[in-house]
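Engineer: Below you will find the structure I want to go over with you.
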Amino acid sequence: MTTPPSPLLSRPGAVATDSGAVAAHLGDPLREQRLLAEGAGLVDRSDRDVLVVPGADRLSWLHSLLSQHLEQLADRTGTEALVLSPNGHVEHHLVLAELGGTVWADVEPGTGAALQTFLERMRFMLRVEPALVTASWAVLSLVGPRGDDVLAAAGLPVPAAPYAVAPLPDGGLVRRMPPVGDGAPVVDLVVPRAALDATADALLAAGAAGAGLDAFEALRVEARRPRLGVDTDHRTIPNELQWLRTAVHLQKGCYRGQETVARVHNLGRPPRRLVLLHLDGVSEDLPTPGTPVQAGAREVGRVGSVVRHHELGVVALALVKQSVAADAELTVGGSRAAVDPDDAPAGLDDAQAAARERVRAVRSGTMLR
């Protein structure tokens, strides 16, 4: 299923993403990043697929299929969860909300149909009715420290705790999410697709400013929040990502792929780790997802999301081998690269100091002004 182009693309200054579904930016991507970091920006994320799962058996059924503990998910709360392969590789990433007897799930653009097919195969005789509703429902994100003020001024509920959910008058929902960037709050709104224009107008009138998806992506990368299919590949297991903390319950009963997750967790050393890489930014063309990370002639990983950040310069999320040292001399597509000091081994001051020196060398003269 192709996500319909957003009506917000017709607004002044909007430049579409490669998919043509939403705005990449509204004319000034770096200014829009600062807006999300310091104010309140409204980001059109209506390219995400949306599914609903009503039915009396929905929570126990999803609990048996997904990596998260869902049997007792309370009304007006949410979480994240994964569908894993039998070998523990990540196949789907879901952001969930339980509201009024229905579980809502929004997922990566273009993955909803495959997820619905999987769920339909697993229904058996249970009282569940999974449905793909992307054509009717869409996701907007309000990002920044002034976001709560905007919601209140618009007369909308303001969820306080992480993953708290509240109903909207139009039948949709608002959900608190983990922050992006250096702590910028995020609230997602799931609204009728037919009401995208009206909802955006109400939030803009309440004090938000428009921002494109590129700005959100830059702050997402800074926060090391991965995207399925961009920052992951067919070999990715949850233990390599922060999803082990946000989307996996390590004490729950059996689910597909659990043995791999438990075994690697108990050994304490997944084959790869997700790191933030600083690139020298010499090339105008950014590396594409899947570009190898090299240590000399040796391939030691792959990059996923690569962005131009308003403070950090060119940065990327990368899955690299555990053996990659904090101060390793790396290249990505011909650009020099360095691991961020915060991703050096914890508690090793010498390694972090060496990583900081390596980052300074790579970023020298390449900061965005």
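Engineer: Hey, can you tell me all the residues within the range 246-274 that are farther than 26 Å from Gly78 by Cβ and surrounded by 21 or more Cβ atoms within 10 Å (Cβ to Cβ)?
Structural biologist: Arg272
Engineer: In addition: Is one or more of the residues making up the range 88-95 under 29 Å from Leu213 (Cβ atoms), assigned to a helix (DSSP H, G or I) and in contact with a His (Cβ under 7 Å, 6 or more places away or on another chain)?
Structural biologist: No; the residues of the range 88-95 include none that is under 29 Å from Leu213 (Cβ atoms), assigned to a helix (DSSP H, G or I) and in contact with a His (Cβ under 7 Å, 6 or more places away or on another chain).
Here is a yes/no grid of residues against (1) free of Cβ contacts under 8 Å to residues at least 24 places away in the same chain; (2) in contact with a Pro (Cβ under 7 Å, 6 or more places away or on another chain); (3) surrounded by fewer than 18 Cβ atoms within 10 Å (Cβ to Cβ):
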| residue | (1), (2), (3) |
| --- | --- |
| Ala37 | no, no, no |
| Arg45 | no, no, no |
| Leu51 | no, yes, no |
| Glu71 | yes, no, yes |
| Thr79 | no, no, no |
| Val83 | no, no, no |
| Pro86 | no, no, yes |
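Engineer: Sticking with this one: Being part of a loop (DSSP other than H, G, I, E, B), free of Cβ contacts under 8 Å to residues at least 12 places away in the same chain and over 20 Å from Gly55 (Cα atoms) is true for just one of Pro169, Pro109. Which residue is that?
Structural biologist: Answer to the selection: Pro169.
Engineer: For the range 170-212, which positions are under 19 Å from the mean Cα position of the chain (by Cα), of a type in the set (Asp, Glu) and over 17 Å from Thr246 (Cβ atoms)?
Structural biologist: Asp182
Engineer: Of the numbered conditions (1) surrounded by fewer than 23 Cβ atoms within 10 Å (Cβ to Cβ); (2) assigned to a helix (DSSP H, G or I), Ala135 fails exactly one; give the number of that condition.
Structural biologist: For Ala135, the exception is condition (2).
Since every read-out is calculated from the coordinates, none of them should be taken as a lab result. This structure is a prediction, so every number in the text was calculated from the model and none was measured. Every residue, glycine among them, receives a Cβ derived from its backbone with ideal geometry; neighbour counts consider all protein chains shown.
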